[in-house]
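One structure is given below, encoded as structure tokens.
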Amino acid sequence: MYRVLTGKQRSLVFPVMCNGHVKIDYYDNIAIGADSSVGSSDDVIYGPWSLDDAFTIEATVTPYDINGFGRHSVGSLTGVATDSGKVMPAVDNDVTQTDYVSHYYLAETAKHTHEMRIFHSSKAQLSLINTTSHNENQPAEYKIKFSVTLGTTTQNLETSALILPSSGIDWPLSSHTQASYAKGIFDSNGKYSHVYAKTTKSSGNSGTTLTFISTANDILHEDQELFIKNGFGFTSIGKVAATPSSSSGDSFAVTLDTSQSTALNSTDLYIKAPMNPSYVDGLFHIAATYDSASKVMAIYFNNSEVASATHSGSGTFAMDKEDLFLGANGSGATGQNSATTNKQFMGEFHEFAMSRGARNKFNVNNLTPRFADTVLYFRFEEIDQ
């Protein structure tokens, strides 16, 4: 008899600023042997704990934005990131960061390289890692990391940033009516790609120093890239290396990380338009494979191979007799910086599966198990029947 399912699907949600995980308990699943000792050589192992050759880990997930609004500027150019529970709260520039619970949970600097664990065991891990250098008007950008341990050698395989925010601002600007946008320019998609920031003074701008005709510490920040208009495009002049905390009269200087060969006097400077973490409403298929025969590790994103490498370690792969974790590393930390300690995933899990064999083709819409090969499968969606 066929089973018909209808209704709204709801994923397993790891909210922003949560300390949660799914534990796949070894003791509850594996029968102990005659010696009555858990984790001994005569345990009757099966499922993921029996993997000792080629395997595939795959998941469909929706990551949230752990950069969030970053630090709201006190000036007119503030972030336009989606205002929802899927985005980390903002920190104001003019208030101590540690006054915020979000900063206590995950410090602003730690956000830039935060690792969100999808799957964790001692011998294999799969994660998303933020790759941004700052978080002012800059949502998180995620790369994929896959780690495999053979003997005493752990090898990491990483991709470039693959889960990216949407760039540019749509017209009409609606609430974004600042004069700063009047000098901006559209890209080929009809979005503002860059917006006006500040104009330099009429003298004294060369080398790595820029001085502005008015306060700029409400807009510019370290690691922010600056541009000059070049016809219908823009040319980068480098990134801000340092900014003072306040202006002095009508003078405000920033130091660039790249020296300029010509003076930039009385010049309009631009910054990239704020971006939106549109991925918080998307769904992404991520897979990682290991082939014991060739020792090749590979990562797939939405059914395309995006990275591969040959493991340099000796020996064969084998899962340890231990609890496995989804959404964190299982350390169970609480309090300050617990997100970093736990490698906490913030987002949604839709499905997760582990199977025998190193696959290279995937159904990115669902992970319908291939029962002959599947050793672990979770469907987190709740469906009304």
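Values in this text are rule-based calculations from the coordinates and carry no lab data. No experiment lies behind these values; they were computed from the predicted model shown. Every residue, glycine among them, receives a Cβ derived from its backbone with ideal geometry; neighbour counts consider all protein chains shown.
Using R₀ = 25 Å, calculate the FRET efficiency as 1/(1 + (r/R₀)^6) where r is the Cβ-Cβ separation of E222 and D281; round to 0.05. Intermediate values should be presented prior to the final figure.
Details: r = 31 Å, r/R0 = 1.22.
Efficiency, rounded to the nearest 0.05: 0.25.
Near T310, within a Cβ-to-Cβ distance under 11 Å, what is the net charge of the other residues, with Lys and Arg +1 and Asp and Glu -1? Before the final figure, lay out each step's value.
On the way: positive: K295; negative: D291.
Charge balance in the 11 Å sphere: 0.
Under 17 Å from the 7 Å Cα→Cβ point of S304, by amide nitrogen: which residues of segment 344-379?
Residues 360-365 fall inside that zone.
I need the peptides 228-235, 118-125 ranked by packing, meaning the mean over residues of other C-beta atoms within 10 angstrom, with the highest value on top. Could the numbers behind the result be given before it?
Details: 228-235: 12.0, 118-125: 22.0.
Ranking the peptides 228-235, 118-125 by packing returns 118-125, 228-235.
Within straight cross-link reach of K321, meaning Cα distance under 18 Å, which lysines are found once same-chain residues fewer than 8 apart are removed?
K23, K123
Let's test the formula: R0 of 30 Å, r as the Cβ-Cβ distance of K23 and A241. What FRET efficiency results, to the nearest 0.05?
0.10
Hey, what do the phi angles of segment 293-300 turn into as Karplus ³J(HN,Hα) couplings, whole Hz, using 6.51/-1.76/1.60 and θ = phi - 60°, x for Gly and Pro?
Rounded to whole hertz, the list is 5, 9, 6, 8, 9, 9, 10, 10.
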